Amino acid sequence: KKIFLLSFLLCLHSLNLTQANNIIHPAKQEMASRSPVGWANRPILNISNDDLQNQNRNIAFKLYVLDTGTIVKTEVVQSSGLAALDQKVERALLKAKFKPYIENDTAYPFIAVQPFSFQVLEDTGLGGKGFSVFIKNNEHS
């Protein structure tokens, strides 16, 4: 009885592993058929040290994007702490455009989270007008 029970348990365990492998494999194939989300026209930002109030700032927006790549709505996910700066970035985002998100030869609307990191530049010789922007990789869902 003990040998039969052990054999039965081993069969169940290997069956579960086989089923798990079958579930994971198609997902990998599906991921490979998706196009990456990327900018067709990046947001144009002219941010000065004065805009940042001489502090590094991080901002993140949730972007609602049509199947054409047009951004139709934004939501602040992480505020910079400066309403004017958040609004300036939001205006730039609404003028920007993504490449269409294509899956299996069909364009789909999507939602992306786009973080920004603004860093104050030391003495740029531009009278406080210099800026530095790092656009991190966006995420889509």
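The values are calculated or read from the model by the stated rules, or taken from the named source; none is laboratory data. This one's a predicted model, so the numbers in the text were calculated from it and none came from an experiment. Positions of Cβ are generated from backbone atoms using ideal geometry, with glycine treated the same way; all protein chains shown enter the neighbour counts. Ligands, DNA and RNA are stripped out before the accessible areas are found, and what is left, the full protein with its side chains, is counted by its heavy atoms. Shrake-Rupley method; radii C 1.70, N 1.55, O 1.52, S 1.80 Å.
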Every residue from segment 65-89 that is part of a strand (DSSP E or B) and within 20 Å of Ile44 (Cβ to Cβ): Val65, Thr70, Ile71, Val72, Lys73, Thr74, Val76
Selected residue (criterion: nearest to Asp105 (Cα to Cα)) from residues of segment 61-78 that are in contact with a helix residue (DSSP H, G or I) (Cβ under 8 Å, 6 or more places away or on another chain) and open to solvent by less than 60 Å² (accessible area, probe 1.4 Å): Ile71
Criterion: modelled with pLDDT of 90 or more, touching a strand residue (DSSP E or B) at 6+ places or on another chain (Cβ under 6 Å) and open to solvent by less than 70 Å² (accessible area, probe 1.4 Å) - qualifying residue of Leu82, Leu93: Leu93
Segment 90-104 residues that are part of a helix (DSSP H, G or I), paired with ones that are of a type in the set (Ser, Thr, Tyr) (beta carbon under 7 Å, 6 or more apart): Glu90/Thr74; Leu93/Thr74; Leu94/Thr74
Checking Asn104 against (1) modelled with pLDDT of 90 or more; (2) open to solvent by 80 Å² or more (accessible area, probe 1.4 Å), the condition it does not meet: (1)
Residue within segment 1-24 that is under 15 Å from the mean Cα position of the chain (by Cα) and either modelled with pLDDT of 90 or more or open to solvent by 90 Å² or more (accessible area, probe 1.4 Å) (or both) present: no
